[in-house]
Amino acid sequence: MNNLPRVNANGHIGPVDAAQVPRYAGAATFARLPRLDQVEQADVAVVGVPFDSGVSYRPGARFGGNHVREASRLLRPYNPALDASPFENLQVADAGDMAVNPFNINEAIETVQQNALDLTEHGTKLLTLGGDHTIALPLLRAAAERAGSPVAMLHFDAHLDTWDTYFGAEYTHGTPFRRAVEEGILDTEAISHVGTRGPLYGKKDLEDDRRFGFGILTSSDVFRQGVDEVVAKLRDRIGGRPLYISVDIDVLDPAHAPGTGTPEAGGMTSRELLEILRGLRGLNLVGADVVEVAPAYDHADITAVAASHVAYDLITLMGLSA
Ligand SMILES: N=C(N)NCCCC(=O)O
Ligand SMILES: [Zn+2]
Ligand SMILES: [Zn+2]
């Protein structure tokens with residue numbers, strides 16, 4: 001059905017043309033891009049991670065990837081905010097979903113790490129959709145291995161996710177970045193949380209976090225300092241290092257992202273998040289995730305639309321990387 005030619009100027013296969021095939025027709029791939037098996041090589045692979053066995057509150061992020069794919073049907077090929085055509089500059093393809101064991105977190109982490117390594121074997125960059133924040137740990141392991149060094153990280157989230165354990169469990173969605181620091185896969189000179197807010201267990205949470213090396217720009221900092229100052233501070237800290245960006249969609253206010261498992265009031269707007277991302281043009285972005293999209297709590301696809309635009313800007317940034 002969707003066999004119309006869609007080869008663009010650079011020989012890359014782009015999205016199905018919405019002027020030729022209604023954009024609501026056919027099975028969803030991210031932004032109506034080709035599947036990975038339909039292209040010879042991919043500069044960027046978008047892959048879903050249907051896993052949410054690491055959550056401490058509301059489940060459902062296992063369904064996030066497909067929810068974002070459905071909302072991404074309305075994306076268009078030219079990104080005016082960054083003056084770039086990401087699918088023309090790059091061959092971007094949808095790699096489907098990782099087959100992750102929902103009953104065994106340790107095995108799931110291994111699978112995510114191995115799948116991420118397999119997908120990036122020939123220089124392909126990875127953007128994952130969906131899943132809970134547990135998956136950032138194996139994704140960072142793979143990113144650091146491919147980079148050949150610890151990576152810088154920007155972590156957009158309402159939460160620190162540097163807690164130690166829940167119910168004695170080390171691998172959960174509230175603990176990936178403490179594990180990552182312990183494993184030495186993060187460049188602790190260049191790791192920042194952006195958008196954090198809300199109650200903590202105690203002051204020690206912040207003390208631990210600072211000891212690990214994290215800088216923090218809270219949701220209130222973004223509001224009070226403004227996007228440009230925040231961008232300048234982040235760029236300064238990251239420099240030319242290989243950079244991984246992890247976006248927990250709950251960094252957005254519940255008004256902008258109700259479809260998530262651990263919502264916190266007082267968050268950033270989707271405009272603020274997109275503006276900060278666009279300010280990161282030219283950094284050496286090696287990989288990214290968009291996690292914690294839980295469709296059961298979404299309304300009118302608000303969360304999925306925001307997540308699809310975040311993913312689109314992340315892919316655009318990959319095409320504009322140093
Ligand atoms: N990573 C996300 N979304 N949430 C972590 C919340 C941890 C807690 O229940 O305290
Ligand atoms: Zn969070
Ligand atoms: Zn998180």
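Table for the structure above
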read-out	value
Sorted peptide list for 272-282, 33-43, criterion being average Cβ within 10 angstrom, highest first	272-282, 33-43
Average Cα contact separation per residue, the stretch 255-322, under 8 Å, 6 or more apart, as relative contact order %	50 percent
Protection-proxy order for peptides 300-306, 115-121, 256-262, each taking the mean of Cβ atoms within 10 Å per residue, highest first	256-262, 300-306, 115-121
Packing-based order for 102-110, 11-19, using average beta carbon neighbours within 10 Å, highest first	11-19, 102-110
Contact order normalised by residue count of the chain, Cα under 8 Å, 6+ apart, percent	20 percent
Fraction of antiparallel bridges per DSSP, the chain only, in percent to nearest 5	10 percent
Distance between the stretch 291-322 and the stretch 167-188 - C-alpha centres, whole angstrom	24 Å
Over the stretch 1-154, relative contact order from alpha-carbon pairs under 8 Å, at least 6 apart, %	29 percent
Max mean-square fluctuation residue, GNM over the chain, Cα-Cα springs under 10 Å, options 98, 268, 153	98
Mean-position separation - Cα centroids, the stretch 6-48 and the stretch 215-260, in angstrom	29 Å
Whole-number D in µm² s⁻¹ for the chain, Kirkwood Cα-pair radius fed into Stokes-Einstein, 25 °C, 0.890 mPa s	127 µm²/s
Cα gyration tensor shape for the stretch 136-245, rounded if a/c is under 1.5, else prolate or oblate	oblate
FRET efficiency, residue 164 to residue 296 (Cβ-Cβ, R0 30 Å, nearest 0.05)	0.55
Shape category assigned to the stretch 168-322 from the gyration tensor of Cα positions, a/c cut at 1.5	rounded
Neighbour cut-off at most 10 other Cβ (10 Å), DSSP loop, chymotrypsin sites (Phe, Trp or Tyr not before Pro), the stretch 192-274	201
Gyration tensor (alpha-carbon) shape descriptor, the stretch 208-251, a/c threshold 1.5	rounded
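Each value in this text was obtained by applying a stated rule to the coordinates, not by laboratory testing. The structure presented is a predicted model; accordingly, all values stated were derived computationally and were not measured. Cβ sites come from the backbone with ideal geometry, for glycine too, and all protein chains shown count toward neighbours.
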